[in-house]
Amino acid sequence: MRTFHCSCGEILFFDNTQCVTCGSDAGFCPVCRMLVDLQGNAESGYRCSNPACGAGLTKCHNYQIEQVCNRCIALPPSGQPTEIFCSCCRYNTVIPNLTNDDNREKWRRIEAAKRRVFYHLDLLGLPHGKASDGFVPPLSFEFKEDFSSLENPQPMGDFGEYETVMTGHLNGKITINIQEADSVERERLRVHFGEQHRSLIGHFRHEMSHYYWDLLIKGKREEAFKAVFGDHNNPPYADAMRRHYQQGPPNDWGTRYTSAYASMHPWEDFAETFTAYLEMVAALDTAFHLGLGGPGVYVNFDEMVAAYKRLGMAMNEMNRTMGLKDLMTRPLVASVIKKLRYIHQLVRNVHVPGSTSSSIN
Ligand SMILES: [Zn+2]
Ligand SMILES: [Zn+2]
Ligand SMILES: [Zn+2]
Ligand SMILES: [Zn+2]
C-alpha cells in the first residue's frame with residue numbers, strides 16, 4: 001500500500017475519511033485509484049482533487065450513511081450513479097445486525113480489511129464480478145454472527161435453533177463469521193488451530209483465493225493445476241479434511257507447503273499459496289512506496305522473491321527487536337517458490353487488459 005496527499009499537503013492514509021490538518025473529507029476515487037480530499041458536498045456532488053483526474057464523485061452508501069466505507073463512486077455524465085455501493089460494498093448480500101452497536105464496529109473492521117485486499121486484486125488486474133456482470137460463479141459476501149436460541153428466541157433457518165457460522169467459500173459466496181473482527185476471539189481461535197497468524201485481511205485473501213480457483217481453474221486449467229498442486233479429486237476433500245484434523249499435518253510440511261493448513265488438500269494448498277502471493281505483492285508494494293527499497297511489483301518473479309526474502313528477514317528482526325512475533329513466517333523453499341511461480345504466471349495470463357498490472361513481467 002502507498003500513502004497519498006491531501007491538497008493541503010498533509011499525508012492521507014488508505015483508511016482515512018478526513019484530513020487531520022484541514023478537516024476535508026477524504027475518500028478513494030475509483031477513477032484514479034487514489035485516496036484524495038473531496039471537494040464539494042453531498043448535495044452538489046464531490047470532485048476528485050487529484051488535478052490529473054478531477055472525476056465527479058459521490059460517496060458510497062456505506063460511507064455516506066453507514067460510515068463503514070471510504071470509497072466513492074464515479075458519477076456518469078448524466079450525474080446519476082447507477083449503483084449506490086462502491087466497487088467493494090456492491091458484493092455484500094448479508095451485513096451484520098446493526099441493532100447491536102458492537103456489530104457496526106466489527107463490520108467497519110471487516111470492510112477495511114476487504115478494501116485493502118481489493119486494492120491489490122485490482123492492482124494485479126484480477127477479474128471479479130456479480131451475476132449481473134456475467135460472472136460464473138458470481139462473487140458475494142455474507143457477514144454473519146453465530147445464532148443462539150438463548151440470545152434470539154425466534155426459530156432460525158435450516159439449522160433449527162442454533163447456527164454456527166462457518167467462515168468459508170462456496171460457489172463464489174464468501175461467508176465471514178463477524179466474531180473474527182473481535183481480537184480476543186480471533187486470538188483464541190489462532191491458538192486453538194495452531195496458526196502463526198490469524199487476521200481479517202488473511203481471511204479475505206484466503207477465501208478470495210478459493211473464489212479464483214472456481215473462476216480461473218475449474219473446468220479451464222485443471223490439468224496444469226494438477227501438475228503443480230496434485231489431484232484435487234483424489235482423495236476427496238471431505239476425506240482429506242477428516243485426516244488433517246485427526247492426524248495433523250505431515251512433519252515435513254515446511255519443506256513442501258506454505259503453511260501447515262496447505263498440506264490438507266490441493267484446494268487448500270492453492271488457496272494458501274495464492275494468499276502467500278497476494279501477501280508478497282502487498283508487502284513489496286508497501287515497501288517500495290514507503291522508501292524501503294525493492295522493486296515494487298512490476299518486476300520479474302525471481303526479483304520479487306529475492307526482494308521479499310530480504311524484506312522478510314529485516315521485518316522479522318525488527319519485530320524480534322520489539323518483542324513481537326515474526327511478521328513473515330511462510331517458508332520460501334524451492335517447492336513453494338515453484339507454486340508461487342505458477343500463481344504469478346496465472347495472474348499474468350488472466351489480468352484484465354488496461355489494468356495497472358500490464359507491466360508485470
Ligand atoms: Zn488537508
Ligand atoms: Zn480521481
Ligand atoms: Zn463502499
Ligand atoms: Zn480454505
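The values are calculated or read from the model by the stated rules, or taken from the named source; none is laboratory data. Computed from a predicted structure; not experimentally measured. Glycine gets a Cβ as well: all are built from the backbone with ideal geometry, and neighbour counts include every protein chain shown. All accessible areas refer to the heavy atoms of the entire protein, side chains included, with ligands and DNA or RNA removed. Shrake-Rupley method; radii C 1.70, N 1.55, O 1.52, S 1.80 Å.
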Output yes when any residue across the stretch 97-108 is aliphatic (A, V, I, L, M) and open to solvent by 40 Å² or more (accessible area, probe 1.4 Å), and no when none is. yes
For the stretch 244-275, which positions are without any contact (Cβ under 8 Å) to a residue 12 or more places away in the chain and either of a type in the set (S, T, N, Q) or in contact with a Pro (Cβ under 8 Å, 6 or more places away or on another chain) (or both)? Gln246, Gln247, Asn251
Filter the stretch 176-193 down to residues that are among the β-branched types (Val, Ile, Thr) and open to solvent by less than 20 Å² (accessible area, probe 1.4 Å) and give me whichever is farthest from the chain's Cα centre (by Cα). Ile178
Mind checking which residues of the stretch 194-204 are touching a residue at least 60 places away in the same chain (Cβ under 8 Å) and open to solvent by 30 Å² or more (accessible area, probe 1.4 Å)? Gly194, Glu195, Gln196, His197, Ser199, Ile201
Taking the stretch 1-56 as the region of interest, how many residues are open to solvent by 70 Å² or more (accessible area, probe 1.4 Å) and within 26 Å of Gly79 (Cα to Cα)? 9
Looking at Gly79, Gly40, which one is away from ligand 2 (no atom under 16 Å from the Cβ) and of a type in the set (Gly, Ala, Ser)? Gly79
Selected residue [outside the structural domain of Phe204 (by TED's automatic domain parsing), within 11 Å of ligand 2 (Cβ to nearest atom) and more than 20 Å from Gly129 (Cβ to Cβ)] from Cys8, Cys32, Cys19: Cys32
Test of understanding: among Cys69, Cys60, which residue is away from ligand 4 (no atom under 16 Å from the Cβ), touching a Lys or Arg at 6+ places or on another chain (Cβ under 6 Å), under 29 Å from Ser183 (Cβ atoms) and not aromatic (Phe, Trp, Tyr)? Cys60
Given the criterion closer than 20 Å to Leu139 by Cα, under 22 Å from the mean Cα position of the chain (by Cα) and either assigned by TED's automatic domain parsing to the domain that holds Ala131 or of a type in the set (S, T, N, Q) (or both), identify the matching residue among Arg71, Arg115. Arg115
If you scan the stretch 260-281, which residues turn out to be assigned to a helix (DSSP H, G or I), small (Gly, Ala, Ser) and open to solvent by 10 Å² or more (accessible area, probe 1.4 Å)? Ser263
Taking the conditions exactly as written (touching a helix residue (DSSP H, G or I) at 6+ places or on another chain (Cβ under 7 Å) and of a type in the set (Asp, Glu)), does Glu83 satisfy them or not? yes
Residue match in the stretch 246-259 (condition: among the β-branched types (Val, Ile, Thr) and either assigned by TED's automatic domain parsing to the domain that holds Ile201 or in a loop (DSSP other than H, G, I, E, B) (or both)): yes
Matching residues, the stretch 1-44, being away from ligand 3 (no atom under 16 Å from the Cβ) and touching a helix residue (DSSP H, G or I) at 6+ places or on another chain (Cβ under 8 Å): Met1, Arg2, Thr3
Is one or more of the residues making up the stretch 213-220 open to solvent by 50 Å² or more (accessible area, probe 1.4 Å), more than 22 Å from the chain's Cα centre (by Cα) and either at pLDDT 95 or above or within 14 Å of ligand 4 (Cβ to nearest atom) (or both)? yes
Return the only residue of Gly134, Gly125 being surrounded by fewer than 18 Cβ atoms within 10 Å (Cβ to Cβ) and at positive phi. Gly134
